[in-house]
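Everything on this sheet refers to the single structure shown next.
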Amino acid sequence: MLEDSARSLGKGSTPLGLVPEGLICICSMRFCPFAEKTRLVLKAEGIRYEVIYINLKDKPEWFFKKNPFSLVPVLENSQGQLIYEPAITCEYLDEAYSGKKLLPDDPYEKACQKMVFELFSKVPSLVGSFLRTQNKEDGAGLKEALCKEFSKLEEVLINKKTTFFGGNSVSMIDYVIWPSFERLEAMKLNECVDHTPELKLWMAAMREDPTVSALLTGVKDWQGFTELYLQPGGL
Amino acid sequence: MSEDATRTLGKGSQPPGPVPEGLIRIYSMRFCPFSHRTRLVLKAKNIRHEVVNINLRNKPEWYYTKHPFGHIPVLETSQCQLIYESVIACEYLDDAYPGRKLFPYDPYERARQKMLLELFCKILEYQNTTFFGGTCISMIDYLLWPWFERLDVYGILDCVSHTPALRLWISAMKWDPTVCALLMDKSIFQGFLNLYFQNNPNAFDFGLC
């Protein structure tokens with residue numbers, strides 16, 4: 001398994017060949033929270049995969065053929081089939097592979113996980129905006145908005161009375177929302193969970209999960225990446 | 001549209017009782033394209049259901065117990081389970097009810113339909129068969145249909161004049177028994193639109209006695 005040691009591919013790089021039988025390939029970027037969802041599912045389900053890193057500021061010409069949105073993550077299997085959009089890639093992996101199932105079989109429980117994902121849906125863009133914000137006032141407004149979104153999730157945990165969003169063990173919904181929470185510490189947004197104790201407990205429980213801890217990025221690494229990434233023309 | 005030709009419930013109305021065993025309830029509005037998706041799936045799969053129309057400008061207080069922001073559509077089962085967001089509701093129905101499956105069985109084909117939905121605005125590049133999922137009508141066609149039915153009423157069907165594949169799809173869709181059964185009457189829909197843009201709360205019941 002080619003893991004996080006490979007440099008990213010940029011303009012002028014050679015297009016990838018066919019994906020070998022028995023493997024699935026993910027086009028990713030080491031610090032991308034969206035690609036992380038798919039990597040968590042790949043790891044949790046024990047699927048054999050290879051990772052190709054894409055330089056998102058200098059994309060290879062061939063990458064646009066993999067995904068018309070030219071974003072990561074993209075999955076490519078040995079039949080040349082391409083799957084993109086984070087939530088779709090995660091569901092695809094759960095359906096296509098016969099190992100550990102992360103989505104519940106029960107139609108209503110499955111729908112519940114998707115409804116929780118909808119509740120969470122404003123979080124990534126709020127976190128992204130906070131990252132890019134220059135002034136303190138905007139930052140404060142974004143923090144407040146984030147707290148509001150977090151209390152919706154807190155309510156779910158309170159009503160369910162379980163540690164995780166899908167029950168008492170970790171499942172799909174926990175993995176797909178985790179990447180935003182992983183970044184809170186590095187972005188100094190931990191205070192946003194001060195008034196949501198169940199959510200705070202969930203975060204601690206997630207850090208104990210072997211799949212999550214295997215893919216954790218160090219705070220310093222993440223901050224270093226962000227500094228360069230936000231510079232105009234950086235990376 | 002006879003199944004959902006009932007007056008809307010608004011502020012001050014009594015909440016409907018529990019959903020009878022063997023039925024599923026949809027909270028809807030006759031002219032809403034999102035509810036239309038779910039009604040298409042209910043019809044296509046022959047699912048026994050009852051419709052409760054909600055007055056969207058004058059929502060009943062009790063409706064917020066069905067959806068935190070009072071959105072439609074919402075499905076309610078006889079076990080008091082609530083499912084909302086039109087695409088989630090459509091998927092739930094396909095999973096929970098036997099008979100005709102609208103989503104394909106193959107995981108890649110399922111993923112492909114979901115990616116198509118994401119590309120709603122860029123659909124033209126991705127249609128290479130009569131229907132969006134292949135040679136037969138399936139989930140993705142029903143999910144896209146409501147907007148195209150309205151194009152005709154909005155009078156902007158001209159925007160598909162340069163896209164013969166799409167025009168063919170529209171004609172093929174109008175032959176489908178499920179689409180036909182739910183086709184809106186043009187003049188009734190126009191009447192609704194007129195009142196709606198005037199912010200008239202009677203808009204939602206336009207065309208009913």
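One table, with the values for the structure above:
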read-out: Pairs beyond 19 Å (Cα-Cα), from A:Lys59/A:Lys188; A:Lys122/A:Lys143; A:Lys57/B:Lys114; value: A:Lys59/A:Lys188; A:Lys57/B:Lys114
read-out: For B:Gly70, residues with placed amide H under 5 Å, excluding near neighbours; value: none
read-out: Peptide A:108-115 - average C-beta neighbours from other chains (10 Å radius); value: 6
read-out: Region A:136-235: GluC sites (Glu not before Pro) in DSSP coil with no more than 14 other Cβ atoms inside 10 Å; value: A:Glu185
read-out: Chymotrypsin sites (Phe, Trp or Tyr not before Pro) restricted to DSSP loop in region B:1-83 with at most 10 other C-beta within 10 Å; value: B:Phe69
read-out: Rounded tilt (10° steps) of B:186-197 against the dominant C-alpha axis of chain B; value: 60 degrees
read-out: Part-to-part distance (alpha-carbon centres) for region A:77-125 and region A:185-235, which is given in Å; value: 22 Å
read-out: Ratio of Rg to Rh over the protein assembly as shown (Cα coordinates, Kirkwood Rh, two decimals); value: 0.98
read-out: Total formal charge among the other residues, if their Cβ is under 10 angstrom from that of A:Leu189, Lys/Arg +1 and Asp/Glu -1; value: +1
read-out: Folded to 0 to 90 degrees: helix B:107-118 orientation relative to chain B principal axis, Cα; value: 70 degrees
read-out: Computed [θ] at 222 nm, helices only, for chain A once each DSSP H run of length n ≥ 4 contributes -39500 (n - 2.57); value: -15000 deg cm²/dmol
read-out: Per residue Cα convex hull volume in Å³ - calculated over region A:24-96; value: 82 Å³
read-out: Peptide B:107-118 - average C-beta neighbours from other chains (10 Å radius); value: 6
read-out: Principal-axis tilt of helix B:33-44 within chain B, Cα atoms, nearest 10 degrees; value: 80 degrees
read-out: Cβ-defined net charge surrounding B:Leu9, 14 Å radius [Lys, Arg +1; Asp, Glu -1]; value: +2
read-out: Alpha-carbon Debye profile of chain B, log10 I(q)/I(0) at 0.09, 0.10, 0.12, 0.15 Å⁻¹; value: -0.36, -0.45, -0.65, -1.01
read-out: Sequence-distant lysines (8 or more away, or on other chains) whose Cα lies within less than 19 Å of B:Lys43; value: B:Lys101, B:Lys174
read-out: Value of relative contact order over chain A, rounded to a whole percent, pairs C-alpha under 8 Å and six or more apart; value: 19 percent
read-out: Inter-label distance for B:Gln79 and A:Leu16, nm, one decimal - labels placed 7 Å from Cα along Cα-to-Cβ; value: 4.0 nm
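We did not get these values from a lab; they are worked out from the coordinates using the rules stated. Every value quoted in this text rests on a predicted model; they were computed, and no experiment measured them. Cβ sites come from the backbone with ideal geometry, for glycine too, and all protein chains shown count toward neighbours.
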